[in-house]
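Worksheet: one structure, shown below.
Read the figures in this text as sums done on the coordinates, not as results from a lab. Note that the structure is a prediction, hence the values are computed from the model and not measured. Heads up, the Cβs are rebuilt from the backbone with ideal geometry, glycines too, and the neighbour counts pull from every protein chain shown.
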Ligand code: LR7
Ligand code: MN
């Protein structure tokens, strides 16, 4: 039906956006990130005529501090469009630098009040709930590395402006060794003037995981709430989180995370009168987080009530509330995790497996600026940071299921340090098995099981391997070839018993019988059905064609089967057990 198709599309878009970012990150982890002006989608004047009711600015002077202005730029969460043509040379340079430094439109953010108004997108039922006067107290921990001034301060003010002072004990801001000048003395002075806000500094780059732990050590409230440094909390965000912890200390909560547009700072949430607009967290076997709609079973459990807490297998990681005591009991985070990634799944698995519950709270909504690339340096100490974190995660929490992750990195675990403490922690907490977690908390997850073949798919003629494009949007999801790198990743494929070439929920598909593209798996064969034949050709019974590397060895195409070497592919076959 139409509704579910729309939801599916939105979900895929969201997942793909995130996957793009993450894939790009993983591929380029040690490559310095220079902005590519062509790739960057700057807003331009053309958008203006399509938009009504949005702030339109000619040659603005970015403001540093926002006084309230009801119709000012970005008020009500409206997007700010900037006509770059109308900017002076200096302004234009500043505009570009904003993107370069932050991977979002800092220039637009600078024009918006630090106290701007936001839409209240809560379902009407949410506004009727009485949360009582005896809620636990909270500290809000906001960590940052090289955050933009207006973006960081708007995060802080959105919390101060929209939290009941009896519930908000303090805001602890942690600087993870930033080098932007405005984050030095100017930030200290600004924060000194704010009630309830304090600033901690790391004296070397410690990464977001240890930065959160540094803030948490100073938290004396009942509940710790973590936020990224580019968020905006909306009306009523706090009580539903606190009250759920008040009911049960082992509840870990995530607000609905709305999108703040990286180009315009428009607040893009939708009213969730329809439960299908709420997403919960999942993950794939590359151990990357993804979103998916609420499963049918869960919808039934909550009787389709759009304002009730929804169970979520995982959390995105940046925005959540947890009882301080429970967080400590769970052994907080693995402090061996560096810079970015994996801690979200660690805490999610641990919560479920060790006696807690992880939920999304539809009545609590916080915006977050989702970016397409990571603007800061990752390779502070060298090595593959994310992989190291994920190997630690797999070794401690995945039991035999770690195999599926290890396949994906071609068993190249690298030096991941010592995890014996973390294993001992799991023992001492008597946590349940990963099998239990999959069966009971995330039964929807595709588990590879017995694949017919897996690993890289290498052309016998050229030493090129079939590779998922990292930039799905630019290439419209076309599967192509790259030199074989033997690191799994985008060159890891599974041939399922059903005859799909897939990775997680993404399948090869040949909609036009000419190209191989990536689509969500639909398990109804057709364009997603392929045969890996005895003679090493890959055949589509629907298109009646074979997968072939192009003459110039730069691409992949479907062509009439000839059996020549450009149509022969080596992939490790598994003998059926
Ligand atoms: O070395 C670092 N030190 C830091 O202090 C690197 C980052 N940081 C800060 C950074 O300034 C930011 O405030 O850490 C925060 C998160 O970094 P982002 O914004 O680059 O991460 P992200 O939003 O792309 O990634 C998501 O996954 C991460 C995995 O480690 C973290 O858990 C992020 O908090 C998390 N963000 C969210 O959950 C928001 C929703 C996005 C999604 C999905
Ligand atoms: Mn973030």
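Given the convex hull over the Cα atoms of segment 101-230, what projected area results after averaging over all orientations, in nm²?
Averaging across all directions leaves 9.0 nm² for the Cα convex hull.
Take the Cα atoms of segment 344-415, find their three principal axes, and give me the spread along each one in whole Å, biggest first.
Ordered largest first, segment 344-415 gives principal extents of 43, 35, 19 Å.
I'd like the projected area of segment 197-329, averaged over all directions, using the convex hull of its alpha carbons. Report it in nm² with one decimal.
Quarter of the Cα hull surface area: 10.5 nm².
Say each of residue 92 and residue 185 gets a label point 7 Å from the Cα, pointing the same way as Cα to Cβ; how far apart are those two points in nm?
Going from the residue 92 label point to the residue 185 one covers 3.4 nm.
Considering the convex hull of the alpha carbon atoms of segment 335-462, report its projected area averaged over all viewing directions, in nm², one decimal.
11.8
Which distance in nm do the two modelled labels at residue 485 and residue 129 give, with both placed 7 Å along the Cα-to-Cβ direction?
Rounded to a tenth, the inter-label distance reads 4.4 nm.
What per residue convex hull volume, in Å³, comes out for segment 453-573 when only alpha-carbon positions are used?
Output value, Cα hull per residue: 95 Å³.
Report, in cubic angstrom per residue, the convex hull volume of the C-alpha atoms of segment 387-438.
Expressed per residue, the convex hull around the Cα atoms of segment 387-438 is 69 Å³.
What's the Cα-based Rg to Rh of segment 264-416, Rh via Kirkwood?
0.98
Measuring from the lowest to the highest alpha carbon on each principal axis, how far does the chain reach, largest first, in angstroms?
The principal-axis extents, from largest down, are 74, 62, 50 Å.
Tell me the Kirkwood hydrodynamic radius of segment 402-481 in angstroms, computed as one over the mean inverse distance between distinct C-alpha pairs.
Over segment 402-481, the inverse of the mean reciprocal pair distance is 16.7 Å.
Using the basic label-point model (7 angstrom from Cα toward the beta carbon), what is the residue 461 to residue 447 distance in nanometres?
Placing both labels 7 Å along Cα→Cβ, they lie 4.1 nm apart.
Find, to one decimal place in angstroms, the Kirkwood hydrodynamic radius of segment 496-549, where the mean of 1/r is taken over every pair of different Cα atoms and then inverted.
11.0
Set the Förster radius R0 to 45 Å, insert the Cβ-Cβ distance between residue 531 and residue 329 as r into 1/(1 + (r/R0)^6), and round the FRET efficiency to 0.05.
The calculated FRET efficiency here is 0.30.
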